[in-house]
Structures are given as structure tokens and as C-alpha cells.
Amino acid sequence: MDIGRTVLMVFWSLAEPARLAAGWNGNLQENVPWLVLFCILTFIPTHATVYYMLLGSTDTRPYHQAVQVTQAILLELELLVGMYAVGLLA
């Protein structure tokens, strides 16, 4: 078992509910600090996990790789839209 994958998944599973709550609160209340927190949590733990699974994982099957590429693309779009929203509200 890959210890790096386990550590990143635990870190990601702890950060993901906070990231989603920050995005939800920031979007509904048009609150810039919450949106900034959403962007930070999108960038740091989520990017590390997604790109480690995409590039650093040794056991990849075509289906897993397709899902990981799709998740990476959606994550980049999510980060860009979040940064754009912060720019509009700031």
C-alpha cells in the first residue's frame, strides 16, 4: 500500500467538507473571505491529491486515469471560476 496516497486521502477527506462549506457560504452570501478560503482549500489539498493520483500513482487503470483527468479539468475550472468571483466581489 502506498503511504503517500493514504496520507493525502486522509488530509483531503478532512479538508473537503470545509472547502465545500466555504464555497457554499461564500457563494450564497457573496462573502469574499469565504470565497478566498474556498480558493485556498481548492488549491492546496485538493490539487495535491488529484495530481498525485493522476501522476504519482503506480497502479492506474484506463478507467481510473480517465476519471482523474476529468476531475483535474473540473478542479481547474472550479478554481478559475472561484478566483473570477473573488475578483468581481472584491
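No value in this document is a laboratory result; all are computed from the given coordinates. Fair warning: this is a prediction, and the values are worked out from it, not measured in the lab.
A few remarks follow.
- Its DSSP H runs of at least 4 residues, each contributing -39,500 (n - 2.57), put the calculated 222 nm mean residue ellipticity of the chain at -26000 deg cm²/dmol, to the nearest 500.
- Contour minus Cα-Cα distance for LEU89 and VAL10 (0.36 nm per residue): 25.2 nm
- Extent of the chain along its three principal axes (Cα atoms, max minus min coordinate, largest first): 43, 22, 15 Å.
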